[in-house]
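The values are calculated or read from the model by the stated rules, or taken from the named source; none is laboratory data. Because the structure is a prediction, the values reported are computed rather than measured. Every residue, glycine as well, gets a Cβ built from its backbone with ideal geometry; the counts of neighbours run over all protein chains shown. Accessible surface is based on the protein model in full, side chains and every heavy atom, while ligands, DNA and RNA are left aside. Shrake-Rupley method; radii C 1.70, N 1.55, O 1.52, S 1.80 Å.
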Amino acid sequence: MRRRRFLGLAAAAPLALAPAVRAAAKPARVVVVGGGYAGATAARYLRGLNPGIEVVLVESGAAYATCPLSNLVIGGFRTLESITVGYRGLAAAGVRVVKDRALAVDAAARRVRLERGDPIAFDRAIVAAGVDFMWSELPGLKDAAAREAVPHAWKAGAQTAVLRRQLESMPDGGTFVISIPEAPLRCPPGPYERACQAAAYFRKEKPRSRVVILDANEDVLSKGALFKRAWKELYDGLIDYRPDSRAIDVDVATRTVKLDFGDVKGDVLNVIPPMRAGEVAAPFITANGRWCEVDWLTYESKAAPRVHVLGDSLQIAPLMPKSATMANAQAKACAYAVAALLAGRAPDPAPVLLNACYSWLSPTEVAHVASVHKYDPAERTMKPVPGAGGLSPARSAAEAADAAAWERAIRADTWG
Ligand SMILES: Cc1cc2nc3c(=O)[nH]c(=O)nc-3n(C[C@H](O)[C@H](O)[C@H](O)COP(=O)(O)OP(=O)(O)OC[C@H]3O[C@@H](n4cnc5c(N)ncnc54)[C@H](O)[C@@H]3O)c2cc1C
């Protein structure tokens, strides 16, 4: 009960501050690139904080397929339509939604160049482009046909449907191989949840089949004990977990994942490549050639003034996951900071972010992990608050109801 009340208050806080900001704001234009959890939330909250700010959202897709619950689509327990949202709610909130691909965010000229439309000038830009994949790490997947044959399904949508079809076509007795890259990756528990959903499908429809998890990491990245217990209790003999197994290439013709040592063949391959900040965020990448560093009070890029970066593109603070909940929370803090900066005010000096992440260990049972992250002024980073948050003691059907409610709430909070 306490946890749920805290989540609700945290989500409501930024809008409660609206009147103070609204009074002092001057007209300005903010262009948001990317309408996922981070960008759509930032756009909607910015308009809510100050309707005097013109907010333009540039998004390449006509609709957005949400990743949470996409593993249930792969298992056959949800439909793709049920996890897809449109942008009408944002338009109704006064956001100008432009369906186009941003080619570049030009910080010096303060404009966003588009693939089809005219460039859009901005006072501030918010870049929330999610992740893109480091295909050079897997030479066998360099062309489009190979990527269709071996889907990552790590951006929900067309690839989710491809992977589902491949599992449906797989004969009973077949092997489904999931390959996990080294952390950091978007949604650390996601691949293990996917193994559970595939195994639940096999148990019901193809009981002689099995799942092989090739993990580049030395152990399960999140909720390890809960996943291992579920694999034993629900899917014994069906899931073969192999840590320290990094994919270095894929042979599509022979359906083989090549590892540092040895090869693994499968009937259906799901290779999740290493990832980095979305392509359009490339000029703002400052960490390891992969991620964007920001000032955690404002989300302003360390590489360019007046450009803010959010969500999965970020170089994470200690123990901060790349998740939808976190992207949504960062976006609210960023919207408040941008509204304040445009009004000539200082941003909140002590932001607190909350993360909650549910995993479906079966089609009906769920477990969660939660954490609270607070700004540390001495180190100018976000740090987990000791003793806050927690982990489910066991999977349960009660938490499945919580997880479904969380999904509905964050969807409404993000896209309206
Ligand atoms: C299988 C799976 C399960 C998951 N489950 C959960 C979960 O249960 N809970 C949870 O909290 N998180 C979960 N996540 C993680 C969550 O989906 C991501 O952390 C979240 O989507 C990050 O939001 P984002 O806005 O940073 O990026 P995205 O949601 O990827 O949004 C980026 C958007 O930018 C757009 N875009 C990119 N480039 C351009 C461009 N140049 N021009 C225009 N538009 C552009 C894209 O089309 C996209 O709409 C899961 C992820 C996966 C893969």
> For a paramagnetic label modelled at 7 Å from the Cα of ARG306 toward its Cβ, which residues of segment 35-55 fall within the zone defined by backbone nitrogen distances under 18 Å?
Replying inline: 53-55
> Between their Cα atoms, which of LYS228/LYS374; LYS99/LYS155; LYS322/LYS383; LYS258/LYS322; LYS223/LYS374; LYS332/LYS383 are more than 25 Å away from each other?
Replying inline: LYS228/LYS374; LYS258/LYS322
>> Under the rule of at least 5 residues apart or a separate chain, name every residue whose amide H is placed under 5 Å from the amide H of LYS383.
In response: LYS374, TYR375, ASP376
>> If N is the number of residues in the chain, what value comes out of its Cα radius of gyration divided by 2.2 N^0.38 Å?
In response: 0.98
>> Using amide H atoms built in the peptide plane, which far-off residues or other-chain residues are under 5 Å from SER245 H to H?
In response: ASP215, ALA216, ASN217
> Can you list the GluC sites (Glu not before Pro) in segment 178-245 that are in a DSSP coil and have 15 or fewer other beta carbons within 10 angstrom?
Replying inline: GLU182, GLU218
> SER245: accessible area at probe 1.4 Å, nearest 10 Å²?
Replying inline: 10 Å²
>> What whole-number distance in Å separates the alpha-carbon centres of segment 150-214 and segment 378-416?
In response: 24 Å
> Farthest toward the dipole's positive end in segment 89-190, which of PRO139, GLN159, ALA91, given Cβ charges of +1 (Lys, Arg) and -1 (Asp, Glu) about the Cα centre?
Replying inline: ALA91
>> Using alpha carbons only, how many angstrom separate the centre of segment 241-262 from the centre of segment 292-342?
In response: 35 Å
> Put +1 on the Cβ of every Lys and Arg and -1 on every Asp and Glu Cβ in segment 193-284; which of PHE227, VAL271, THR256 then has its Cα farthest towards the positive end of the dipole?
Replying inline: PHE227
>> Just to confirm my numbers, what's the Cα centroid distance between segment 80-114 and segment 24-70 in Å?
In response: 7 Å
> How long is the gain from ALA92 to ASP263 if the chain were fully straight, where each residue apart is worth 0.36 nm and the alpha carbon distance is subtracted?
Replying inline: 56.3 nm
> Roughly speaking, what is the stretch gain from GLU379 to THR254, that is 0.36 nm per residue apart minus the C-alpha to C-alpha distance, in nm to one decimal?
Replying inline: 40.0 nm
> Counting Lys +1, Arg +1, Asp -1, Glu -1, what net charge surrounds ASN71 among other residues with beta carbon under 15 Å of its beta carbon?
Replying inline: +4
> Most mobile of GLY224, GLY278, GLY157 per a Gaussian network model of the chain (Cα springs, under 10 Å)?
Replying inline: GLY224
> For segment 128-252, what does the equivalent ellipsoid look like in terms of its semi-axes, each the square root of 5 times an eigenvalue of the Cα gyration tensor, given largest first in whole Å?
Replying inline: 23, 19, 13
>> Which of rounded, prolate or oblate describes segment 313-366 when judged by the alpha-carbon gyration tensor and an a/c cut-off of 1.5?
In response: prolate
> Between ASP295 and ALA398, what length in nm is gained on full extension when 0.36 nm per residue of separation is reduced by their alpha carbon distance?
Replying inline: 33.2 nm
> Summing -39500 (n - 2.57) over the DSSP H runs of n ≥ 4 in the chain and dividing by its residue number, what mean residue ellipticity at 222 nm do you reach, to the nearest 500 deg cm²/dmol?
Replying inline: -9500 deg cm²/dmol
> For segment 104-117, what does the Karplus curve 6.51 cos²θ - 1.76 cosθ + 1.60, with θ = phi - 60°, yield as ³J(HN,Hα) per residue in whole Hz, taken in order and with x for Gly and Pro?
Replying inline: 7, 10, 8, 5, 5, 7, 6, 8, 9, 8, 10, 5, 10, x
> Tell me, what is the per residue accessible area of the chain in Å², probe radius 1.4 Å?
Replying inline: 41 Å²
